[in-house]
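Peer 1: If you scroll down you'll find the structure; I have some questions about it.
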Amino acid sequence: MDDRWPVWKLALLLYVFATGAVAINLFMLGLIGQALGLDALSPVTALALSVPLGIPAAWLAGRWVRSLLDQAADP
């Protein structure tokens, strides 16, 4: 029996953390944008944008964790 976790399960578990990281990065990018003369990005807008953008971030995090687990399992 193969007891490896598939990437989609890992991505599902990591979605909340990846979405939070995306929200923080978007908000900080909005603050940097103020220095360039752009409008500020509100925290609510950053959270709203992070929900769909968290999906690819979670998928990439899942692939990364899967590769780490594979490296750890190699003799």
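Peer 1: Any idea what angle helix 7-35 forms with the longest principal axis of the chain, computed on alpha-carbon atoms, 0 to 90 degrees, nearest 10?
Peer 2: Orientation of helix 7-35: about 20 degrees from the principal axis.
Peer 1: I would also like to ask the following. Using a 1.4 angstrom probe, figure out how much accessible area the chain has per residue, in square angstrom, rounded to the nearest whole.
Peer 2: Per residue, the chain has an accessible area of 75 Å².
Peer 1: Report the full-extension gain for the segment residue 17 to residue 36: residue separation times 0.36 nm, less the Cα-Cα distance, to one decimal in nm.
Peer 2: 3.9 nm
Peer 1: Continuing with the same structure: On a 0 to 90° scale, report how tilted helix 43-73 is relative to the longest principal axis of the chain, with both axes built from alpha carbons and the result rounded to the nearest 10.
Peer 2: Here the helix axis deviates by roughly 20 degrees.
Peer 1: Placing unit charges on C-beta atoms (Lys and Arg positive, Asp and Glu negative, everything else neutral), compute the dipole magnitude of the chain about its Cα centre in debye, rounded to 20.
Peer 2: For this selection, approximately 80 debye.
Peer 1: What's the local net charge at residue 10, with K and R +1, D and E -1, over the other residues with C-beta under 9 Å away?
Peer 2: Net charge in that neighbourhood comes out at +3.
The values are calculated or read from the model by the stated rules, or taken from the named source; none is laboratory data. Note that this is a predicted model, so its numbers are computed, not measured. Ideal geometry is used to build each Cβ from the backbone, glycine not excepted, and the neighbour counts take in all protein chains shown. Note: accessible area is taken over every heavy atom of the protein model, side chains too, but ligands, DNA and RNA are not part of it. Shrake-Rupley method; radii C 1.70, N 1.55, O 1.52, S 1.80 Å.
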